[in-house]
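Novice: The structure under discussion is supplied below as structure tokens; questions concerning it will follow.
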Amino acid sequence: MSRAVHVSRAALAASSGAVLLLALTGTTAGAAPPAPRVERISVAAYGTETDGASSAAVTTPNGRFIAFRSSATNLVPEGITHPGTYSYVRDLRTGQVTKMENALSTPRLSADGRWATYIDWGTRKINVFLTDLTTGTRTRIGGDSQDTGSAPDISADGRYIVYTWSGHPQYPNRIDLYDRVTGARETVSAGPQDDETRDMDNASISGDGRFVAYQDEGSGDVWVTDRTTGTRTEADDGTSSTVVQLSVNGRVLAMDSADGSYVRDLRTGRVQHFPGVRIRAVSPDGSRLLLQDADANLWLRAGSRQIPVGHGTAADGSVSGGGRSVVWSTEDADVVPGDTNGVYDVFRWRSH
């Protein structure tokens, strides 16, 4: 980056005595981090700048595929017929960019980049859809035309999709799961009797589809359902919380609360707090956290080390396996040379 990021280390420090929940491999205490590299992902079809803003980026666990939203007209060679904001998926290995015109949200992708889930207009209402990017086959998975589906997430293997189901106003929202292989649907947010009068939202699923985390909008509780054992466990720290992300391996759950963010190791039960900052993403193995401070700076936390990633107007954020890369968006013009379009672009930071 062309300018240094200045932020109080105290603001990013964990609570007294806290340690990272998972042991980190390949990290030597006091060793200087490898020189990072930053590249712009939202570039036009012929390598020039885009003519519109791009944001809301997410990456697959292996870092190969990046999905984002953009109002640019020149991301694909054929351009666009009707100006608007559309979803795109970029394959970093081949350079191919796929436009998903009928997607109203950033697609959540399977690890191999084949399956994409998102929201779009159904027959009458917004619903959840699944597209096979290899064949182009598109399936509505959010129920019948009278239902509404939102906030989908997909397992890394591409088999399971969780989402918020909404029916008639007299029924509270719930978390449903769709099995792409069998076509079956199940409700995973079933709980105590009094939950029947409260909305559930913001589901996050593990890579194999076994664990699903979600939040109770009424009580502020966060729950994790184990679909293998049929058990449900409260994961919050006793404060009203929201789900940020469940790690792909299903072990680490990141949550936000009024006084900052925190993570819970679901295997040991240990909790680590990060007052004054927000967790934006968790690496697939749960060992790295993407933190954002009050000045919108982004930091990748690995053990006790905090590595600057993005600054100024940084937004969004997603981390690939082992924290090797981070994608985010910003309108700052000094992240890479030659940024003169004056709009938000999507960038990828690589540790080596």
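Bear in mind that the values in this text are calculations on the coordinates, not laboratory data. A quick note: this is a predicted structure, and the numbers were derived from the prediction, not measured. Using ideal geometry, Cβ is built from the backbone for each residue, glycine included, and neighbour counts are taken over all protein chains shown.
Novice: 222 nm [θ] for the chain, helices only, -39500 (n - 2.57) per DSSP H run of 4+, per residue, to 500?
Specialist: Values: 1 runs with 4 residues, N = 352.
Computed mean residue ellipticity for the chain: 0 deg cm²/dmol.
Novice: Summarise the long-distance tail of P(r) for the chain by giving the % of C-alpha pairs beyond 27 Å. Spell out each step's value before the answer.
Specialist: Working: 28472 of 61776 pairs.
The proportion of pairs with Cα distances above 27 Å equals 46 percent.
Novice: For Gly79, what is the net charge nearby, where nearby means another residue's Cβ is under 13 Å from its Cβ and Lys, Arg count +1, Asp, Glu -1?
Specialist: On the way: positive: Lys99; negative: Asp51, Glu78, Glu101.
Its environment carries a net charge of -2.
Novice: Using only the alpha carbons of the stretch 182-262, determine the length spanned along each of the three principal axes and report them from longest to shortest in whole angstroms.
Specialist: 42, 30, 19
Novice: Something else now. What are the semi-axes of the equivalent ellipsoid of the stretch 209-352, taken as the square roots of 5 times the eigenvalues of the Cα gyration tensor, listed largest first and rounded to whole Å? Please report the intermediate quantities before stating the final value.
Specialist: On the way: eigenvalues 176, 50, 36 Å².
That gives 30, 16, 13 Å for the three semi-axes.
Novice: Principal axes first, then extents: for the Cα atoms of the stretch 271-326, list largest minus smallest coordinate on each axis, whole Å, largest first.
Specialist: 27, 24, 17
Novice: For an R0 of 35 angstrom, estimate the FRET efficiency from the Cβ-Cβ distance between Glu234 and Ile126 and round to the nearest 0.05.
Specialist: Values: r = 30 Å, r/R0 = 0.86.
Efficiency, from the Cβ-Cβ distance: 0.70.
Novice: Separate question: Going by Cα centres, the stretch 45-117 and the stretch 145-166 are how many Å apart?
Specialist: When both Cα centres are located, 20 Å separates them.
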